[in-house]
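Colleague: First, the structure itself, so that you have it in front of you.
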4 protein chains.
Amino acid sequence: MGSTFGRYLTVTTFGESHGAAMGVIVDGVPAGIDLDPTVIQRDLDRRRPGTSAYVSPRGETDQAEILSGIASGRTLGSPIAILVRNRDVRSGDYDRIRELFRPGHADYTYFKKYGLPPQPGGGRASGRETVGRVAAGAIARALLLPLGVSIQAYTLAVGPLRAARVDRAFAEKDPLRCVDPDLAGEMAALVGRVRDDGDSIGGMVEVAADGVPAGWGDPVFHKLDAALGMAVLSIGAVKGVEFGDGFALAAMRGSEANDPLSEHGFVSNRAGGILGGISNGQPIVMRLAVKPTSSIGRPQQTIDLQGRPRTIETHGRHDPCLCPRIGPVAEAMTALVLADALLEQKAHQGAKP
Amino acid sequence: MGSTFGRYLTVTTFGESHGAAMGVIVDGVPAGIDLDPTVIQRDLDRRRPGTSAYVSPRGETDQAEILSGIASGRTLGSPIAILVRNRDVRSGDYDRIRELFRPGHADYTYFKKYGLPPQPGGGRASGRETVGRVAAGAIARALLLPLGVSIQAYTLAVGPLRAARVDRAFAEKDPLRCVDPDLAGEMAALVGRVRDDGDSIGGMVEVAADGVPAGWGDPVFHKLDAALGMAVLSIGAVKGVEFGDGFALAAMRGSEANDPLSEHGFVSNRAGGILGGISNGQPIVMRLAVKPTSSIGRPQQTIDLQGRPRTIETHGRHDPCLCPRIGPVAEAMTALVLADALLEQKAHQGAKP
Amino acid sequence: MGSTFGRYLTVTTFGESHGAAMGVIVDGVPAGIDLDPTVIQRDLDRRRPGTSAYVSPRGETDQAEILSGIASGRTLGSPIAILVRNRDVRSGDYDRIRELFRPGHADYTYFKKYGLPPQPGGGRASGRETVGRVAAGAIARALLLPLGVSIQAYTLAVGPLRAARVDRAFAEKDPLRCVDPDLAGEMAALVGRVRDDGDSIGGMVEVAADGVPAGWGDPVFHKLDAALGMAVLSIGAVKGVEFGDGFALAAMRGSEANDPLSEHGFVSNRAGGILGGISNGQPIVMRLAVKPTSSIGRPQQTIDLQGRPRTIETHGRHDPCLCPRIGPVAEAMTALVLADALLEQKAHQGAKP
Amino acid sequence: MGSTFGRYLTVTTFGESHGAAMGVIVDGVPAGIDLDPTVIQRDLDRRRPGTSAYVSPRGETDQAEILSGIASGRTLGSPIAILVRNRDVRSGDYDRIRELFRPGHADYTYFKKYGLPPQPGGGRASGRETVGRVAAGAIARALLLPLGVSIQAYTLAVGPLRAARVDRAFAEKDPLRCVDPDLAGEMAALVGRVRDDGDSIGGMVEVAADGVPAGWGDPVFHKLDAALGMAVLSIGAVKGVEFGDGFALAAMRGSEANDPLSEHGFVSNRAGGILGGISNGQPIVMRLAVKPTSSIGRPQQTIDLQGRPRTIETHGRHDPCLCPRIGPVAEAMTALVLADALLEQKAHQGAKP
C-alpha cells in the first residue's frame, strides 16, 4: 500500500537494503512511446553511491534490467518492471548494532510498528529504496520531455552556506550539485571537514520544473503542490517543503505577495508556478529541507531492544551530506507527479476520446 | 478524484462557494461508535466566518444536517453524509469581476484547466470547500479521542511577529488564535491595521498532535509526514510545511539534529514526532506557511479573459489574515490523516481478525 | 470504501432506506459538458417504485436536487452531488420484525459484521441505495451518448418463461420490461399470480451496450468484463452474470465458440463484444441472474437475535419480481463502467495532452 | 492500473509471455507472519504447464525467486516481490502468425487499444500472466489458513459432461481436476478426442471456500460476491460466474430460494455463502463458465493487419481444455479476495487499534 504511488501513472517499489534486489513496476505508461532504456541507466548512475568523495562509497553498480513492458525500444502499454540486484551487501558492518536503535533512523519506529529488530542497512527504510523511484522517474521524464517539460534539482544550501546565484549547468558537474559556482569550493570544504569530524550536515535542495503548461493539477485534495509535497516528503531526510517564496510569504502583505498579470503573462513568480493547486505556466519551484545524515561516526546516546541505555557509533558507509544524493530522487518524484498530472489532464479534458 | 482523500477512512467533499450547498461523505467509519452529532457542529462553528472582527463577515450559520450513517447517536458503519446549505450568497459582489483574473487566486488556472470563466466566489476553489473537511475532521477526532489523541492548531506568527511562548489554552480564546498571550495585542493591532489599509498579511500556523502512539504511518510513499504534508498543502493559501525543526535542520550537523534515546524515551523532539515516516510516540509538530489572503481592496494589475491589461479592486468579504481560519481546517486534515493511519495499523497489524 | 466505485469517474453513494436521504457524488466528470438535469430525473423515474402493479407501491417521488457541479446546464469539472429525500418512510411496517433475521436478506450478515440489529427497511442494504447509482448513471450516459454509445436492459426471463424474440422498443413500454411481445401477457399473469400467492419469483435481465468502439477496457485485473461483472454483481439480488454465450460456451468446442473475422468485421458475437478484457466493437451483451425477491408474505423459518427459532411473515411493500426494477440499475452500472473506460482510454492513449 | 488488484492486500503483476520474466509484488502483508517460501513454489507447480497429457507441453519450470519482503521465513511487512524467469520461449511458433488476428484471442482488441501488432505468445494477454497471481495467491492462503479458511477449485464439467457427485480429494489427483471419480475416465477420453481433432472444449470450474467466518465483505459496490466475480472474470477464458444456485435461482420462487435459518444455522445454502455482499458463515460456492481454448489446430477465418481475409491455423502448444489450468488460478484469485476482506474487516471492526 505504502509502496505504491500515483493515480494514473502508478509506481510500486520493492526491496530491502540487504535483500536480493531493489526494483519497481511502472503501470499506466501509454503504448507506443519511444523509450530508450539507457535513460533509465543514466538516471540511476546519477543517484548511485560511490560517485564522488562526498557520497557513500558503497560499491553498487546498480545495473538496471528491464523485465517487461518495453520491446524494441517502445513501450507496450503493459507494466514496466525494472530490477536492480544488490551486490555490495556487507552485513558485517551492521551486525554489531542490530541490538541498538540508531538515533535519527527508523529503527525504533519500525520496531514499534512491525515488531522487528533493526534490519541490516535499514532494510526497507534504507535510501536504497530510491533506486526504484529513480528508474521510474526516468520513464516519467521520457513522457514529459516531448512536451518540453524539464526538471532539475540542485543543492541550494549546505549548513549555513546558501547559494547567492543559480547556475544550473554548473550544478550538473559539481560533485555536491552546488548551484552557485562561487560557493562550490567553500561548500566542498565544509562537507569535507564535517566528514573528517565523523559528523554530517544538512542542507537545502531546490527543484525547478520548466515548461509545465498551465492547467495541470487536480484541485482540492490532490492539488499539484499537495501532490508534489507528498512526493518529496516521502523521501527520507526531507523534513520540510515550500513552494515559490514559501515561508517568506508568511511575513508579506497581499499587495506584495500576489503575482500580478500583464498581457505578457505573470509579472513575478512568488507562487512558485502553482495557483489553487493548478500549474499557471510559470516555472514550478520548490525547496526541500534536508536534515543531516542520521548515521554519524560519533558516539551517540541510545537504548537497546530491551530499553537499556547504550552508546552507539556507526561505522558503515555514509554520505556526510545527503543533498547531492537527494537531488536525483527529488527530480524523479517531481517527474512522476507531473506525468501523473499529464495523464489526469488527458483523462478529464473534454469528453471526446 | 481530486475531491476524495484517504485510503481507509475516505472523505469526499462537494460544493461550490455560490452553489446550493457544501457537503461531505465520510466512508470507512467503524460501526457502533458513539458519535455525538454536536461535535460536528462545534467544529464547524470554530471555522465559521463572521466570528470576529478579523475574519470575513460573510453571514453563514453553517448548520450541518447529517443525512446518513448515524442513528441514535451511534455510527452504522455506512457512509456518513453531512450537508451544509449556502445561505448568504451575494453573487453581486462578484459579478463585476467575472471578466478579470484576480491575482493570487485560482481564476486563471481554473480557466486554463476547465475553460470556464472565473466563478462567483471562487466556485470550487473557495475556502468554503473546507466546510466539508472540518465536518469530516470532527468525525475523525471522535475516533481518535478515546485513544488519547488530541490535536490543536494555533497561530504562531503573523507577518514579522512570531510567538515567543506557547500557551495553547490562550489560543483557543484569542480571536486570531494567537498562541502567545504577550503577543496577542500587538498581533491584533497589526491585523487591524492591515485590514484598514485594504491589504492582507501572511503568517504561520503550528499544529500539534499529542498522544499519537509509536508505530502509526505507512512508510515509503505514504509516510506519515508525507501524508500530513499533502493534507495541509491541499488547504488553499498554505505554501509550505515543515516537521519538527524543519528548515532549521538544514543548517545543523547530525550530532545536533539526531534525537538521542534514553531509558525514559526520546531526549529531544527535533524530528517532530516522526522517524522514517512512522510516529515515534513524541508529539507530532508541524508548521504551515500561510500566504496573505489573495483578495485585497487595493488596485492590482491583471488581465481580462481576452488577455487585455486591466486593473482590479476586490470589494467582497475577506479575511485580512487567514491564520485563524486555517487552524481548524489544519486540525481537521491532521485528524483525518491520523484516523486513516489508525485504521491502516489495525488492518495490517498481525493476521488475526 | 465499499460505497465508492470507479477509478476515473468516481461515484460515492450514501443513505439508508429509512434515513433522511439518499444521494451520490460523481467526481471526474469533465468540465464544459452540456448536461440537461432532467435526464437525471428521467432515469430516476424509470427506477422508481410505485410505477406499475408489479412493483412495490412505496410512494416515493424521488425528486433529485442537484447540489453542485452543474451550473447553467453545463458541468463545472467539480463533483456533482445529487440528493433525494426519503419521504414515504413507514418504519411501522418493519418494527415488528427488527428482532428477527429475514431469510434471504442481509440482516444476519450485517449483524455479524457490524453488530447492529436489523435496520428498518434494510438500512444501507435496501434497494433504495440504487437511487444514487441511477442518478450517477444518467450522468455517465450523458458522457457516452455523444459518442454513439447506448445502453438498454430488459427482462429476458421470469421464472420458467424465457423470451424467444427481442423487441427492445417494446420492453421500454412493458411494465415488466419484458422484451418479447409474445410473452409479455403470460409473464405478467405469472407475476400477478405469484404476488397473489404472497410469493416472489426470479428472472433474467439482459443488458446490451451498442456503439462501444473497439479498444475500451483495461486488461489484466480490470478487464472490461471483470469490471462490468463486478458492477452488476454489486446490485442486490443478482447472483450470476455471463457475457455473450456465457455458460453455453462451457459445452462448446473452440471451432464453434471462436468468432471468425471477415473483411466486414466479426462474423458472430459469441464473445459478447469483449476479447481479452477489451471491447471489440461488437455489441456488449451480458445476462444477469436475478433471484426472487427475498421479502415474501408467506411464513418462513428463521431465528431471532438470540438465536431462538421463530417464524417470520413480511408484510411490507415488495416487488413480486425484481427484474423490472433491476433493469435501470443495471443500465446505470453499465454506463458507469463504460464512461470510466472512456476516461481510462483518454488518459493512456498516446502521450500528448 | 489494470495490473494492480486489491485494496488492503495489493497485488501488482508484470510480464509478457515471451519477455524476460513474469512476476508479482504483494503489498500489505502483515509483518511477522511465518511464511514458508515452498508454499509459493508448490502452488506454482500446480498451475504449471507440461504437467499432464491434457495441458500445454510448454517446458517451463517456473522457479520462483523471492526478491524481497521475507527474511528467515517470516514476513517483514514490506512488499513481497517474486520473480519467475521465462525460459522456454519459442517465438518461432508464433512468428508466422504475427500478421493475423487469432480468433477468440485478444490480438484484435490489443491492436485497437494499443496500436500494436499481435505480440508473440499473446504478450501481456497470455495465460502466463497468471504465474504472478498464483504466487500471490499462495501468500494470501498463508494468511487465511491459520483462520481455518481453505479454498479448492475443481473441474465440474467439460463440454456436455457434468459431475454428478463431488469428491474433492479425488480432484486433486485427477489430471483434469475432475471432481467426479465416476466421470473422470469419460472426461479424459473426451478431452483426448478433442485434442486429437485439433480442437478444444469448454467446461465449468467450481470454487469452494470453506471456513470463512460470517461478516466478511464490504457491502454496496465491493460486495464479497462482486469482488469475487471481478476476480475470476479477470481470468482469461472465464465468460460467466454464478454464486450458490446462481442462474437456477432465476427460475425459482422466493419461498424455495430463501435459505431458512434454524438454531443450528442456515438450513440450506442456495445463496452460496453470501448475503447482501457479506459472508454468512456457510461455504462460499461459485461456478465459472470456461470457454474452449481459443487456439486450435483447425483452419479458421480471420483477417490480417490490413483487414484482408485470411485463413489461420495455430500450431503452438495449447491446452485442449483450460479447466485444469484455471482451477489453481481461480483458487489464487479467491484467496486474494478473501485475504483482502480479512484485512478490511480488521481495519473497520471497532475503533480500538
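Colleague: Considering only the label points, 7 Å along Cα→Cβ from Cα, what distances in nm to one decimal separate residue D:165 from the same position in each other copy, shortest first?
Modeller: Spelled out, the distances from residue D:165's label point are 4.8, 8.8, 9.3 nm.
Colleague: Filter the trypsin sites (Lys or Arg not before Pro) in segment A:117-169 down to the DSSP loop ones having no more than 10 other Cβ atoms within 10 Å, then list what survives.
Modeller: Working: sites: A:124, A:128, A:133, A:141, A:162, A:165, A:168; in loops: A:165.
Listed in order of number, the matching sites are A:165.
Colleague: Could you calculate the FRET efficiency of residue A:99 with residue B:165 from 1/(1 + (r/R0)^6), where r is the beta carbon distance between them and R0 is 45 Å, rounded to 0.05?
Modeller: Details: r = 41 Å, r/R0 = 0.90.
Working from the Cβ atoms, E equals 0.65.
Colleague: Plugging the Kirkwood radius over Cα pairs into Stokes-Einstein for segment B:211-291, at a temperature of 10 °C and a viscosity of 1.306 mPa s, what D comes out in µm²/s? Mind dumping the intermediate values first?
Modeller: Working: Rh = 13.3 Å.
Answer from the Stokes-Einstein relation: 119 µm²/s.
Colleague: Could you please state how large a percent of the accessible area of segment B:244-349 is carbon and sulfur, counting protein chains only and using a 1.4 Å probe?
Modeller: Of the solvent-accessible surface of segment B:244-349, carbon and sulfur hold 47 percent.
Colleague: Packing-wise, with mean Cβ within 10 Å as the measure, how do A:224-237, B:245-258 rank, highest first?
Modeller: A:224-237, B:245-258
Colleague: When Cβ neighbours within 10 Å are restricted to other protein chains, what is their mean count per residue of peptide C:284-292?
Modeller: The shielding value for this peptide is 5.
Colleague: From the label point of residue C:150, set 7 Å along Cα to the beta carbon, how far off in nm is each other copy's matching point, shortest first?
Modeller: 5.3, 5.4, 6.4
Colleague: Take every Cα-Cα distance within segment C:114-207, group them into 10 Å bins from 0 onward, and report for each bin the whole-number percent of pairs it holds.
Modeller: P(r) over segment C:114-207, rounded to whole percents: 14, 31, 33, 19, 4.
Colleague: Shifting gears a bit: Amide H neighbours of residue C:278 under 5 Å, counting only residues 5+ apart in sequence or on other chains, H built in-plane at 1.01 Å?
Modeller: C:224
Colleague: For segment B:174-187, in order, what is each residue's ³J(HN,Hα) by Karplus, 6.51 cos²θ - 1.76 cosθ + 1.60 with θ = phi - 60°, in whole Hz (x at glycine and Pro)?
Modeller: 6, x, 9, 6, 5, 8, 10, x, 6, 9, 4, x, 4, 5
Colleague: Considering only chain C, pick the residue with its Cβ nearest the axis of the rotation onto chain A, and state the distance in whole Å.
Modeller: C:347, 2
Colleague: Can you compute the helix-only [θ] at 222 nm over the protein assembly as shown? Use -39500 (n - 2.57) per DSSP H run of at least 4 residues, normalise by all residues, nearest 500 deg cm²/dmol.
Modeller: Mean residue ellipticity at 222 nm (helix-derived): -8500 deg cm²/dmol.
Colleague: Something else about it: Taking 8 Å as the Cα distance limit and 6 or more residues as the minimum spacing, I'd like the relative contact order of segment D:269-353 as a percentage.
Modeller: 18
Colleague: Can you give the accessible area per residue of chain B, in Å², using a 1.4 Å probe?
Modeller: Roughly 30 Å² per residue, with all protein chains present.
Colleague: Which lysines, if any, have their Cα less than 17 Å from the Cα of residue B:113, not counting same-chain residues under 8 positions apart?
Modeller: Here the lysines satisfying the reach criterion relative to residue B:113 are A:223, A:346, A:352, C:346, C:352.
Colleague: Just order D:283-289, C:209-215 by mean Cβ neighbour count inside 10 Å, highest at the front, would you?
Modeller: Descending packing order for the listed peptides: D:283-289, C:209-215.
Colleague: Would you kindly state how much longer the chain becomes between residue B:311 and residue B:45 on full extension, computed as 0.36 nm times their sequence separation minus their alpha carbon distance, in nm to one decimal?
Modeller: 92.2 nm
Colleague: Can I ask one more? I'd like the distance between the alpha-carbon centres of segment B:102-180 and segment C:236-270, rounded to an integer number of Å.
Modeller: After rounding, the separation between the Cα centres reads 56 Å.
Colleague: Could I ask something else about it? What gaps in nm, shortest first, separate residue A:192 from its twins in the other copies when you place the label 7 Å past Cα toward the beta carbon?
Modeller: Copy-to-copy label distances for residue A:192: 5.9, 8.2, 10.1 nm.
Colleague: Another one. How large is log10 I(q)/I(0) at q = 0.09, 0.20 Å⁻¹ when the Debye formula is applied to the Cα atoms of segment D:114-273, each weighted equally and without solvent?
Modeller: For the requested q values the scattering log ratios are -0.41, -1.57.
Colleague: What does the extension gain come out to for residue D:74 and residue D:173, with contour length at 0.36 nm per residue minus their alpha carbon separation?
Modeller: 32.6 nm
Colleague: Hey, got the average number of other protein chain Cβ atoms within 10 angstrom for residues in C:29-35?
Modeller: Taking the mean over all residues of the peptide, I get 4.
Colleague: Averaged across A:329-342, how many Cβ atoms of other chains sit within 10 Å of each residue's Cβ atom?
Modeller: 1
Colleague: If you take the accessible area of D alone, add that of A alone, and subtract the area of the pair, what total do you get in Å², probe 1.4 Å, to the nearest 100?
Modeller: Counting protein atoms only, the buried area is about 2600 Å².
Colleague: Would you kindly derive the ³J(HN,Hα) couplings of segment A:241-246 from the backbone phi angles with the Karplus curve 6.51 cos²θ - 1.76 cosθ + 1.60 (θ = phi - 60°), listing them in order in whole Hz, with x for Gly and Pro?
Modeller: Karplus-based 3J(HN,Hα) across segment A:241-246 equals 8, 9, 10, x, 6, x Hz.
Colleague: In whole Hz and in residue order, list the ³J(HN,Hα) couplings for segment B:113-120 that follow from phi through the Karplus curve 6.51 cos²θ - 1.76 cosθ + 1.60, θ = phi - 60°; x for Gly and Pro.
Modeller: The phi angles translate into 7, 9, x, 9, x, x, 8, x Hz.
Colleague: Let me ask something additional. Which three extents, in whole angstrom, do the alpha-carbon atoms of segment B:4-350 cover along their principal axes, largest first?
Modeller: Computed over the Cα atoms, the extents are 65, 51, 37 Å.
Colleague: Another question about this same structure. Would you kindly calculate the mean projected area, averaged across all directions, of the convex hull enclosing the Cα atoms of the protein assembly as shown, in square nanometres? Don't skip to the end; give the middle numbers.
Modeller: Values: hull surface 189.0 nm².
Result: a mean projected hull area of 47.3 nm².
Colleague: Now, a different point. From Cα pairs below 8 angstrom and at least 6 apart in sequence, can you work out the relative contact order of chain A, rounded to a whole percent? Could the numbers behind the result be given before it?
Modeller: Values: 755 pairs, mean separation 77.5, N = 353.
It rounds to 22 percent for chain A.
Colleague: Against the longest alpha carbon principal axis of chain C, how many degrees, from 0 to 90 and to the nearest 10, is the axis of helix C:224-233 turned?
Modeller: The two axes meet at around 10 degrees.
Colleague: Go ahead and run the numbers for FRET between residue A:248 and residue C:63, Cβ-Cβ distance against an R0 of 56 Å, rounding to 0.05.
Modeller: Computed FRET efficiency for residue A:248 and residue C:63 comes out at 0.60.
The values are calculated or read from the model by the stated rules, or taken from the named source; none is laboratory data. Worth saying up front: this structure is predicted, and the values here are computed from it rather than measured. Here Cβ is always computed from backbone atoms with ideal geometry, including for glycine, and neighbour counts include all displayed protein chains. The accessibility values were calculated without ligands, DNA or RNA, using every heavy atom of the protein model including side chains. Shrake-Rupley method; radii C 1.70, N 1.55, O 1.52, S 1.80 Å.
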